[in-house]
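The values are calculated or read from the model by the stated rules, or taken from the named source; none is laboratory data. Computed from a prediction, not measured in an experiment: that's the story for all the values here. Cβ placement follows ideal geometry from the backbone for every residue including glycine, while neighbour counts extend to all protein chains displayed. Only protein heavy atoms, including side chains, enter the accessible area calculation; ligands, DNA and RNA are left aside. Shrake-Rupley method; radii C 1.70, N 1.55, O 1.52, S 1.80 Å.
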Amino acid sequence: MTTHDDTIYDDSAPSPGLDEDLPGADPYGASVDDDTEGAAVFTVSGGDWNDLVDEATALHEERIVVNMGPQHPSTHGVLRLILELDGETVTEARAGIGYLHTGIEKNMEFRTWTQGVTFCTRMDYLTPMFQEAAYCLSVEKLLGVTDRIPERASIIRVMMMELTRVNSHLVAIGTGGMEMGATTVMTIGFRERERILRVFEAITGLRMNNAYIRPGGVAQDVPHGAVDLVRGTVTELRRGLGELEKLLNENPLLKGRTVGVGYLDLTGCTALGITGPVLRSTGLPHDLRKSDPYCGYETYDFEVVTRTGCDAYDRLRIRIDEMYESLKIVQQCLDRLQRTEGQPVMVEDKKIAWPAQLAIGGDGQGNSLEHIREIMGTSMEALIHHFKLVTEGFRVPPGQAYVAVESAKGELGCHTVSDGGTRPYRAHFRDPSFNNLQAVAAMCEGSQVADVIVAVASIDPVMGGVDR
């Protein structure tokens with residue numbers, strides 16, 4: 001005997017159709033239209049599926065509802081796609097989200113402003129530097145110190161963001177290729193990404209979730225030898241991107257799978273608030289680095305890449321070309337880092353700068369020995385101040401601020417609200433993956449089931465940013 005909604009019925013008894021108004025009907029069993037011989041059988045489970053089955057049964061048509069995900073290897077994390085099929089054609093597509101439910105934004109309300117960086121860096125785990133930059137720029141706007149951020153700190157921020165853009169695009173192309181059966185694309189993409197992660201580890205001490213960009217600047221200056229390391233990495237990345245281009249750009253199999261697939265024109269993008277490579281594939285050169293510059297982007301020489309095909313193939317080509325533009329920016333950053341060597345990387349205001357004077361020593365990361373000797377041995381006031389700054393945090397004047405940056409996936413915005421305390425009253429992010437996922441229905445309906453995989457891969461959603 002089993003109970004559902006306090007109704008007791010016998011499992012061994014045959015399940016009547018759902019259209020029969022019987023109190024003992026099993027809402028989780030198969031439903032068959034008894035009036036039609038050989039009618040389709042719909043077997044489902046889960047609350048919201050009951051409504052779909054009722055509707056499907058009432059139509060007296062062969063209509064299949066499939067659940068792709070949330071554990072499907074081709075859905076970019078825990079994304080659930082609910083597809084209604086007519087044979088191999090998708091007649092309705094819906095995206096189900098919320099399966100990761102990290103609660104990052106809420107957690108940030110219970111940490112200091114600086115500690116908030118360690119949360120938002122984990123949202124879209126492929127673009128940590130963009131989340132850190134958007135959050136810190138928003139906090140700095142509230143503090144009123146935007147114009148006092150040291151030049152060297154902004155240069156390092158730009159370099160790290162552009163390397164992060166290449167990192168994200170490599171994973172987008174690599175996983176997209178794997179989902180279409182091109183394993184070599186994935187191995188090359190992840191091989192090149194590994195070079196970038198080594199740079200991140202050398203500079204920040206961590207490969208991912210770096211918490212490197214802090215309110216007021218960056219946690220520490222680039223270590224000795226980092227400039228040469230990045231220069232060598234850029235050369236290797238150019239070589240690897242050339243291999244990807246030869247493998248992909250004019251590949252007839254790839255073009256057969258991607259040209260004309262996942263079509264979404266400019267009207268659809270603007271109606272749904274789509275940004276990033278998906279929007280630029282319609283021919284619109286919208287890029288916040290040009291239209292609303294931050295961190296000194298207006299002083300760098302680079303192009304906004306656009307194409308006009310509005311399909312998955314053009315989004316792939318845009319990402320490849322954008323990686324070359326990012327490497328061009330990184331090289332300009334390296335020249336500027338050599339010119340500004342020795343300059344500070346954190347705002348001068350010691351009531352904001354936390355943690356102060358970090359350095360990587362032989363034992364890993366930590367405060368420089370000179371700073372420790374000073375606060376522990378010569379200045380009780382400095383020790384007290386350091387203790388208060390680390391444990392309590394700095395206060396931010398009441399108000400609210402919104403700052404957006406051009407992430408690898410589109411416009412990433414951070415809206416912070418302060419009530420004058422040492423913790424955010426509210427922190428909310430406009431994550432591009434969340435907005436761009438709205439395009440699933442427009443891209444997939446009317447296409448084949450196999451094209452759904454390609455369309456979703458061309459959006460490049462990461463569920464860590466969607467379910468934040």
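Across the stretch 395-440, which residue is farthest from the chain's Cα centre (by Cα) among those that are of a type in the set (Gly, Ala, Ser) and in a strand (DSSP E or B)?
GLY399
Restricting the first residue to the stretch 99-110 and requiring it to be among the small types (Gly, Ala, Ser), which pairs with a second residue that is surrounded by fewer than 16 Cβ atoms within 10 Å (Cβ to Cβ) and modelled with pLDDT of 95 or more meet a Cβ separation below 6 Å and a spacing of at least six or different chains?
Sorted first by the residue in the stretch 99-110, then by its partner, the list stays empty.
Would you please list the contacts, defined by Cβ atoms under 8 Å and residues six or more apart or on different chains, that run from a residue in the stretch 304-319 that is open to solvent by 20 Å² or more (accessible area, probe 1.4 Å) to a residue that is of a type in the set (A, V, I, L, M) and in a loop (DSSP other than H, G, I, E, B)?
Cβ pairs passing all conditions: THR306/LEU284; GLY309/VAL259.
So which pairs qualify, if the first residue must be in the stretch 163-181 and without any contact (Cβ under 8 Å) to a residue 60 or more places away in the chain, the second must be acidic (Asp, Glu) and open to solvent by 10 Å² or more (accessible area, probe 1.4 Å), the Cβ gap must be under 7 Å, and the two must be at least 6 apart or on different chains?
Cβ pairs passing all conditions: none.
For the stretch 433-449, check the following and say yes or no: at least one residue is of a type outside the set (Lys, Arg), surrounded by fewer than 24 Cβ atoms within 10 Å (Cβ to Cβ), over 30 Å from ALA172 (Cβ atoms) and in contact (Cβ under 8 Å) with a residue 60 or more places away in the chain.
No, the conditions are met nowhere in the stretch 433-449.
For ARG280, indicate whether it is more than 19 Å from SER433 (Cα to Cα) and surrounded by 14 or more Cβ atoms within 10 Å (Cβ to Cβ).
For ARG280, the condition - more than 19 Å from SER433 (Cα to Cα) and surrounded by 14 or more Cβ atoms within 10 Å (Cβ to Cβ) - is not met.
All but one of (1) over 30 Å from GLN338 (Cα atoms); (2) aliphatic (A, V, I, L, M); (3) out of contact with any strand residue (DSSP E or B) (no Cβ under 9 Å at 6 or more places or on another chain); (4) open to solvent by 10 Å² or more (accessible area, probe 1.4 Å) hold for ILE104; which doesn't?
For ILE104, the failing item is (3).
Of LEU254, LEU279, which residue is assigned to a helix (DSSP H, G or I) and either touching a Gly at 6+ places or on another chain (Cβ under 7 Å) or within 20 Å of VAL166 (Cβ to Cβ) (or both)?
It is LEU279.
From the list LEU229, LEU237, which one is without any contact (Cβ under 8 Å) to a residue 40 or more places away in the chain and part of a helix (DSSP H, G or I)?
LEU229
How many of the residues in the stretch 450-468 are open to solvent by 10 Å² or more (accessible area, probe 1.4 Å), outside any loop (DSSP other than H, G, I, E, B), farther than 18 Å from PRO277 by Cα and in contact with an Asp or Glu (Cβ under 7 Å, 6 or more places away or on another chain)?
0
Name the single residue, out of those in the stretch 122-158 being open to solvent by 20 Å² or more (accessible area, probe 1.4 Å) and hydroxyl-bearing (Ser, Thr, Tyr), that is modelled with the highest pLDDT.
Here the answer is SER154.
All but one of (1) modelled with pLDDT under 95; (2) in contact with a strand residue (DSSP E or B) (Cβ under 7 Å, 6 or more places away or on another chain) hold for HIS415; state the number of the condition that does not hold.
(1)
Being open to solvent by 80 Å² or more (accessible area, probe 1.4 Å) and not hydroxyl-bearing (Ser, Thr, Tyr) is the filter here; which residues of the stretch 376-404 pass it?
MET376, MET380, GLU381, ILE384, PHE387, LYS388, ARG395, PRO398, GLN400
GLU201 versus (1) more than 16 Å from VAL462 (Cβ to Cβ); (2) of a type in the set (D, E, K, R); (3) touching a residue at least 12 places away in the same chain (Cβ under 8 Å): which is the lone unmet condition?
(3)
Answer yes or no as to whether ILE213 is touching a residue at least 60 places away in the same chain (Cβ under 8 Å), within 18 Å of GLU406 (Cβ to Cβ) and within 18 Å of the chain's Cα centre (by Cα).
So ILE213 passes the test.
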